[in-house]
């Protein structure tokens, strides 16, 4: 279950070598924004060696490559793809063609390496106005796309608006991203909260993202990871209720009843689906009913 994704600059050996013990479900080795142009080659080698010689079996690995309008992205893929990261994150994805361009080169490399095609999935980073408007087309462009990720810092710059802690300026973007991803049947991840020292702010922002339907949230600081994991994990109350719903459904079927009520509320298909999703998430996290 991927609730939290933690960015790690690809040119900081003391940080990335500890990525597997920082509590995030996935780590994002960043070869793009966090790395100056004259350090790209060194960062690429450092990330390659880190993934080769250190054990990241307990966390998912994501690599943010450079965008397709640079001279770096193909070398990024040539170096990283043989290591089979969980996901490749192409930044500044604005059109379905951007996805297809990356996908085609990944297919070429997988063939050369003797890898099965689509072994490594994509999580396009949407951080432009054009990308936002094309979000569904991007999500549906290839079977390799497993999720979408909202990048609010660059997006607000492109929109020419001020980035604030309250995040009202990205309300539309958040809603559109969730709708596009769900319509395409893929996961969707929220932008990081950038004030490392605001413990109340990260909780509010994360709860807002969950309420909107995001799968999880990215972070630029290990300090934010525990809150993100907590918010995006089902609560004990949610788990207990989900099991009650499924038990009510079981009893109703045994009794041949079509209409089912629980705690004075009719149980319909959406409630059952949410209960199933909650139980699946709880089981994946090793959580169970409080009365068991």
- request: Please report the relative contact order for segment 134-292, taking Cα pairs under 8 Å with a sequence separation of at least 6, and give it as a percent rounded to a whole number.
  value: 17
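Contact order normalised by length for segment 90-132, with contacts defined as Cα pairs under 8 Å and 6 or more residues apart; what percent is it? The partial results should precede the final answer.
Details: 39 pairs, mean separation 28.2, N = 43.
About 65 percent, as a whole number.
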- line: In Å, the C-alpha Rg and Dmax of segment 86-142 are 11.7, 38
Evaluated at q = 0.10, 0.14 Å⁻¹: base-10 log I(q)/I(0), Debye formula over Cα of segment 202-292: -0.33, -0.60
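Using packing as a proxy for protection, rank 149-162, 110-123 so that the peptide with the highest average count of other Cβ atoms within 10 Å comes first. Could the numbers behind the result be given before it?
Details: 149-162: 18.0, 110-123: 15.4.
Most protected by this proxy first, the peptides run 149-162, 110-123.
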statement: Expressed in nanometres to one decimal, the distance between label points 7 Å along Cα→Cβ at residue 55 and residue 17 is 1.7
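Could you sort the peptides 244-255, 168-179 by per-residue average Cβ neighbour count (10 Å cutoff), highest mean leading? Could you put the intermediate results ahead of the total?
On the way: 244-255: 13.7, 168-179: 17.1.
Taking the mean over residues of other Cβ atoms within 10 Å, the ranking is 168-179, 244-255.
Dividing the alpha-carbon Rg of segment 182-244 by 2.2 N^0.38 Å yields what?
So the Cα radius of gyration is 1.21 times the expected 2.2 N^0.38 Å.
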query: Relative contact order, percent, of the chain when contacts are C-alpha pairs under 8 Å separated by at least 6 residues?
result: 15
message: Given segment 248-292, report the % of alpha carbon pairs whose separation exceeds 16 Å.
response: 51
Stretch gain in nm, segment residue 168-residue 84, where the contour uses 0.36 nm per residue and the Cα spacing is subtracted: 26.5 nm
query: If you take the square roots of the eigenvalues of the alpha-carbon gyration tensor of segment 1-157 and sort them as a ≥ b ≥ c, do you get rounded (a/c under 1.5), prolate (a/b over b/c) or oblate?
result: rounded
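If r is the Cβ-Cβ distance from residue 105 to residue 199 and R0 is 41 Å, what FRET efficiency results, to the nearest 0.05? Walk me through the numbers on the way to the answer.
Details: r = 42 Å, r/R0 = 1.02.
The formula returns an efficiency of 0.45 here.
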message: Can you tell me the length gained on complete extension of the stretch residue 261 to residue 112, counting 0.36 nm per residue apart and subtracting the Cα distance?
response: 47.9 nm
query: Quick one: if you stick a label point 7 Å off each Cα along the C-beta vector at residue 71 and residue 277, how many nm between them?
result: 4.6
query: Between residue 137 and residue 289, what is the spin-label point distance in nm, taking each point 7 Å from the Cα along the Cα→C-beta axis?
result: 4.9
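None of the figures in this text is laboratory data; all of them are computed from the coordinates on show. Bear in mind that the values here come from a model prediction, so they are computed numbers and not experimental data. Virtual Cβ from ideal backbone geometry, glycine too; neighbours counted across all protein chains shown.
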